Amino acid sequence: MEQDIIKLVLTLSGFDRLNPVQEEALKKGLLNDKNFLIASPTASGKTLIAEIAMLKTILEKKKKVIYMVPLVALASEKYNSFKEKYEKMKIKVALSVGDFDSSDPWLEEYDIIVCSNEKMDSLIRHGIRWIDEVGLIICDEIHLIGDESRGSTLEVTLTKLRELTNARIIALSATIKNYEELAKWLDATYITSDWRPVELYEGICFENKIEFPDWKSYELGEKANEKDIVKNTMEMNKQCIIFVSMRKAAEKLAEDLRDITNKFLSKEEKEILSKLAKNLENVLEKPTEQCKRLARCIASGVAFHHAGLLASQKFMIEEGFRKGIIKVIVATPTLAMGVSLPAFRVIIRDVKRYYPKYGYIYIPVLEYKQMSGRAGRPEYDKWGEAILIAKTLSEARRLYERYVLGEMEEIYSKLSIEPILRTHVLSLIASALYTTKDDLERFFSKTFYASQYGDISSIMKKVKKIIKMLIRWKFLKKREDKIVATRLGKRVSELYIDPLTAYKIVDFLIKIKNIENAKEFSYLFLISNSNEMQPLPNVRSREYEDIMERVELETFLERVPEEWEDEFEDFIRSVKLSLAFEDWINEKTEAYILEKYSITPGEFRGRLEIADWLLYSTKELASIMHLNKRETELKKLRVRMRYGVKEELIPLVRLRGIGKIKARRLFNAGIKKVSDIKTANFERLKELVGEATAKQIKSLVEEDKNENNY
């Protein structure tokens, strides 16, 4: 049976034999019940090792598999891959991301559950009934346990899973320096390897050439900059990814490369790219300047890729690159942690990044390795090339020693960061499994932090302080010798928001309890001024005066900090974001938001998703506090934020195919509700919204569907 499973996974993955990393995993007991930590480069076959263990767990042990990843995009990629391979075998694959206020009971019917780390934590908080059925937990990109913002959630979630289940754990990562420490914590057999299916050569571009010590060099033009490297890459009929530190730099460089990439496109490629460019430009009802800029680049075979783009745009770019139509992607470092997107060459132009208060600092070696690991595609290339760019010979030597020859940094637990710790302390107590100091001490003694440092006294000191704070906020209470969550505290934990944010929301709701109609701006400022919205958008000098004028006109329910106080900067930034949200619900477009506030569509959509969750959470807390009027206001505001419209357009925008611009056009023409569409003349509709949309909405309403179905 075990040999059949191995053969099946290989066949479905398009391979005929195991590679060295996979063979070592089998020799060390992969098919037994051991925990494993596998640290090896990108494309070294780590996922296939996990898949062998997955099938064994499902087919032989009849148990579920959880596959945890740090990013939603990566979760979607794994889900699609597993679904394509294994659903033909009647193995049911599920994707669970987002919606942190649900236990997703439907997951009980599935064999493989792919989810983000945060979603897994949320599922545990909601007391999933099928937790005992889990036989294997795959933790992808486990090195992110050292990430300051999200590492502690992964650490706590893995600790909870080890407490709640007898499941084995297989952790996957790129090479980690202190892998033995992680393996010890997980009680895991470790495999570390430098093997890659495609040889990776790491070199430096300086003066007029690319130099790969002890291998080869390429002669370039006089300047030897990014353009020369791209031209050289195109002459080899290859693709490349260029990493830069900032979004604006990515856009500018992509535009600068258009003339070069365009020369190497065939007539057929130009036709395909032209269609793709139109699709990318028109993902929004009204294209922004960024959309137009991206479309121009795409038409020439080059793209920029960063968090300011919409998810659909990023997906189309990635697919175009995989198909070989897009030749060059200029990206910020987030792409290195995302979906699988290898190229022949990876060019790392910027090795320093700006940090407030610290200035420009060299990026970690681990990050360089993540980026360089994208070079070399097994199906196309005999080798891959990672290239750093230096201005002088001395800089070239320094970069080579630091990154090519340098050792990666060790990974450290970030569990002691207090703002993050308070969220987890509340969730542990709210679970009713940890209700005494001894219970909590026992839990934290099983974390990576405890394994790494051996002493948890500093953590427990912070836990004690946090418990006092949560009791003061009425999220916890003492009951005899136990600490338990109040109804409010349990709900805060389930809602997956920072207890400090929840405290501010509750305080706000108390203050507006007797106000007849709470102002929309007050709600918008409440959610903008939360930890979940960090980092807030910068305020430019030309915006400052307008923002301060609005501050003078508003009545804030909390103290407005003085200009010399540390809190003032965040206050002003929160006001700016509130104003952007206000313009949005008053039917301003993404193009307007970008022009006025310099907030890109991708970034703004991300903020809207957070805003939606915070408004929902505020509504839920208002419900517990029996503030029915506030609930109604929040429901309405949440719908307006989702569609970006005034209240009067809500019935129309709920129709598929009708956005805010078309809805306003219809409304101004006297077509104000769904029943008006049913009686409207088709030619008139066509004139207002176009023939395709007119046909679509006519067919919808003539099927006698009511407004709530759309």
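The values are calculated or read from the model by the stated rules, or taken from the named source; none is laboratory data. Quantities reported herein were computed from a predicted structural model and do not represent experimental measurements. Virtual Cβ from ideal backbone geometry, glycine too; neighbours counted across all protein chains shown.
Here are a few things to note about the model shown:
- Check on Thr486, among the β-branched types (Val, Ile, Thr), in the same structural domain as Leu426 (by TED's automatic domain parsing) and either touching a Phe, Trp or Tyr at 6+ places or on another chain (Cβ under 8 Å) or modelled with pLDDT under 95 (or both): yes
- Unmet requirement for Glu318, which otherwise passes all of (1) touching a Leu at 6+ places or on another chain (Cβ under 8 Å); (2) of a type outside the set (Gly, Ala, Ser); (3) touching a residue at least 24 places away in the same chain (Cβ under 8 Å): (3)
- Of the numbered criteria (1) modelled with pLDDT of 95 or more; (2) in contact with a His (Cβ under 9 Å, 6 or more places away or on another chain), the one Arg247 fails is (1).
- Selection count where residues are over 10 Å from Ile677 (Cβ atoms), part of a helix (DSSP H, G or I), modelled with pLDDT of 50 or more and under 36 Å from the mean Cα position of the chain (by Cα), scope region 690-710: 3
- Test: residue in region 348-358 that is among the hydrophobic types (A, V, I, L, M, F, W, C), surrounded by 19 or more Cβ atoms within 10 Å (Cβ to Cβ), at pLDDT below 90 and not in a loop (DSSP other than H, G, I, E, B): no
- Check on Leu48, surrounded by 18 or more Cβ atoms within 10 Å (Cβ to Cβ), in contact with a Phe, Trp or Tyr (Cβ under 8 Å, 6 or more places away or on another chain) and outside the structural domain of Lys369 (by TED's automatic domain parsing): yes
- Residue list for region 517-570, filter: small (Gly, Ala, Ser), closer than 21 Å to Lys629 by Cβ and within 30 Å of the chain's Cα centre (by Cα): Ser522
- Of all residues in region 311-333, at least one satisfies being within 26 Å of Ala39 (Cα to Cα), crowded, with 24+ Cβ neighbours inside 10 Å and either β-branched (Val, Ile, Thr) or under 21 Å from the mean Cα position of the chain (by Cα) (or both).
- Output for region 206-228, where each listed residue is of a type in the set (A, V, I, L, M, F, W, C) and either surrounded by fewer than 20 Cβ atoms within 10 Å (Cβ to Cβ) or at pLDDT 95 or above (or both): Phe212, Trp215, Leu220
- Filter result for Glu269 (more than 24 Å from the chain's Cα centre (by Cα) and part of a loop (DSSP other than H, G, I, E, B)): no
- The set of residues from region 250-259 being crowded, with 21+ Cβ neighbours inside 10 Å and more than 15 Å from Gln290 (Cα to Cα) comprises just one member, Leu257.
- So Arg162, is it modelled with pLDDT of 95 or more and charged (D, E, K, R): yes
- Residues of region 343-363 classified as touching a helix residue (DSSP H, G or I) at 6+ places or on another chain (Cβ under 9 Å) and either within 21 Å of Ile176 (Cα to Cα) or of a type in the set (A, V, I, L, M, F, W, C) (or both), total: 8
- When each of Lys414, Lys474, Lys391, Lys462 is tested for being touching a Gly at 6+ places or on another chain (Cβ under 9 Å) and touching a residue at least 40 places away in the same chain (Cβ under 8 Å), the lone residue that passes is Lys414.
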